[in-house]
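Inspection log for the structure reproduced underneath, given as structure tokens.
The numbers here are math on the coordinates, done by the rules we state, and not lab data. In this text, all values refer to a predicted model and were calculated from it rather than measured experimentally. A quick note on method: Cβ atoms are made from the backbone with ideal geometry, for glycine too, and the neighbour counts reach across all protein chains shown.
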Amino acid sequence: MKKCSDCNVEMIDNCIIEGQHPFELGADGRTDISLHVPTGEKASILGIKYDKVDKMKLKARFCPNCGKVELYVNPSEKK
């Protein structure tokens with residue numbers, strides 16, 4: 001566990017971030033905020049080129065003492 005840089009208390013990891021519009025609902029009805037990291041690769045669908053990205057679920061950690069929130073991703077959990 002990571003300690004809060006402000007008060008040195010252990011932070012709570014794997015907090016889920018939820019939101020309302022304009023976030024999109026997935027097939028399961030849940031809302032997830034993701035980080036899209038450019039890979040430098042190009043792809044094409046129906047002749048339309050786009051930049052490929054690695055998509056990772058954005059998570060948060062929370063300090064129960066001071067309320068500080070930090071966002072992070074786990075690079076091994078690519079979607």
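If each residue of separation counts as 0.36 nm, what is the full-extension length gain between Asp13 and Cys66 once their alpha-carbon separation is subtracted?
Working: separation 53, 0.36 × 53 = 19.08 nm, distance 1.50 nm.
Difference between extended and current length: 17.6 nm.
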Kindly rank 56-66, 33-43, 2-12 from highest to lowest mean number of other beta carbons found within 10 Å of each residue. 56-66, 2-12, 33-43
Need one number: nm distance between label points at Asp6 and Ile45, each 7 Å from Cα along Cα→Cβ, rounded to one decimal. 4.0
